[in-house]
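Below is one structure, written out as structure tokens, with a few remarks after it.
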Amino acid sequence: MIDVIIPTRNRVNTLKLVLPTYFKQELLGKIIIIDDASTDDLRNEVKIFLKDHPNLIYKRFDKRIYIPKARNEGLKLSSAEYIFMGEDDVFLEDNHLKILFEQLEKYQADLIAGRRIYIGENQSFQEAKENADKDKNSIFTKFPFEGYFERYFDKDIINPPYLHSNSLIKRRVFEKVLYDPWYIGNAFREDLDFFLNCLANDFKMVLTNKTSCYHFKGKINKKGGARLKRLNYEYYVWKNTFYCFSKNKKVLKEKLGIKFPKAYAFLSLICRYPYALYKRLK
């Protein structure tokens, strides 16, 4: 069985939309919701789901703990051999967990993820996927140092440099690697930090095109989660990037061939802005 961990904060509206796609998954064990001091009506909404879903576990923190620690707290409540890291604004395709599990076993891997496609309001999975399929550029870019997991790729990628946060992970990985609670604010780079640590420990990763999850983008999730005011958001983007690249300089050098991680981090950050503008104008 597969346990699912979903950190959440002030996202009751999106959580209500995505949870049904988790509950209908095959191989589903527990769904563990970690409430990071929400101030909306999340607790009462979860109570409604609890009536029909005894496999739902809800734990609330009255003070902010932020996403990485929330994931670690969720792990403490799980006893499953396989854990999927969900999110409060990410939908799952039918059989998403089962397909990930089958591919994980096929490749004898430790971590696996499918495509992660952006989906807008009033858009179907099929429409979102057809739109994403038009982009056949490289998933992994050097400047900026980003992964664009919505992009089309025609075959599974074995041992990519990193994955995205919505991954299926064997429990044995967490015996060596946990999420770093240093990342607060928008928690930018916390997932990259985790996967670089997995890379350093020689865990096998796979990115498969056999299934997708869908990251909701719309007015309904403009608030909550790790969202911050723009200047505050960019502050954590820069701060967290330098911390991540400094902390993981050895694996960046030895595994990814980045000889000067701090300089690379600076150039990558500078490139974020024209690249984002280019994507908007395209």
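The values are calculated or read from the model by the stated rules, or taken from the named source; none is laboratory data. Note that the structure is a prediction, hence the values are computed from the model and not measured. Positions of Cβ are generated from backbone atoms using ideal geometry, with glycine treated the same way; all protein chains shown enter the neighbour counts.
A few notes on this one:
- So TYR183, is it modelled with pLDDT of 95 or more, among the hydroxyl-bearing types (Ser, Thr, Tyr) and assigned to a loop (DSSP other than H, G, I, E, B): yes
- The listed residue being under 23 Å from PHE125 (Cα atoms), of a type in the set (A, V, I, L, M) and surrounded by 21 or more Cβ atoms within 10 Å (Cβ to Cβ), out of LEU17, LEU42, LEU27, LEU97: LEU97
- The residue pairs whose first member lies in region 5-32 and is among the acidic types (Asp, Glu), whose second member is surrounded by 22 or more Cβ atoms within 10 Å (Cβ to Cβ), and whose beta carbons are closer than 8 Å, counting only pairs six or more residues apart or on different chains, are GLU26/LEU97.
Every residue, every condition in (1) β-branched (Val, Ile, Thr); (2) at pLDDT 95 or above; (3) touching a Phe, Trp or Tyr at 6+ places or on another chain (Cβ under 8 Å), yes or no:
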residue	(1), (2), (3)
ASP36	no, yes, yes
ASP40	no, no, no
ARG60	no, yes, no
PRO68	no, yes, yes
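- Test: residue in region 81-100 that is under 14 Å from MET205 (Cα atoms), in contact (Cβ under 8 Å) with a residue 24 or more places away in the chain and assigned to a helix (DSSP H, G or I): yes
- Selected residue [in contact with a strand residue (DSSP E or B) (Cβ under 7 Å, 6 or more places away or on another chain) and over 24 Å from SER212 (Cα atoms)] from LEU27, LEU56, LEU50: LEU50
- Within region 54-75, restricting attention to residues that are assigned to a helix (DSSP H, G or I) and over 15 Å from ILE169 (Cβ atoms), the residue that is farthest from the chain's Cα centre (by Cα) is GLU73.
- Scan region 133-150 for residues that are surrounded by fewer than 21 Cβ atoms within 10 Å (Cβ to Cβ), under 16 Å from the mean Cα position of the chain (by Cα) and not aliphatic (A, V, I, L, M) and the total you get is 3.
- For region 115-127, the count of residues that are part of a loop (DSSP other than H, G, I, E, B), touching a helix residue (DSSP H, G or I) at 6+ places or on another chain (Cβ under 8 Å) and in contact (Cβ under 8 Å) with a residue 60 or more places away in the chain is nonzero.
Residues checked against (1) farther than 17 Å from GLN108 by Cα; (2) at pLDDT 95 or above; (3) not charged (D, E, K, R):
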{"residue": "TYR152", "(1), (2), (3)": "yes, yes, yes"}
{"residue": "TYR179", "(1), (2), (3)": "yes, yes, yes"}
{"residue": "GLU190", "(1), (2), (3)": "yes, yes, no"}
{"residue": "PHE203", "(1), (2), (3)": "no, yes, yes"}
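- Each residue in region 10-53 was checked for being out of contact with any helix residue (DSSP H, G or I) (no Cβ under 8 Å at 6 or more places or on another chain), of a type in the set (Val, Ile, Thr) and not in a helix (DSSP H, G or I), and 1 pass.
- Qualifying position, being touching a Pro at 6+ places or on another chain (Cβ under 7 Å) and β-branched (Val, Ile, Thr), among ILE112, ILE119, ILE67: ILE67
- Residue in region 46-59 that is touching a residue at least 40 places away in the same chain (Cβ under 8 Å) and polar (S, T, N, Q) present: no
- In this structure, SER167 qualifies as of a type in the set (S, T, N, Q) and buried (at least 20 other Cβ atoms within 10 Å of the Cβ).
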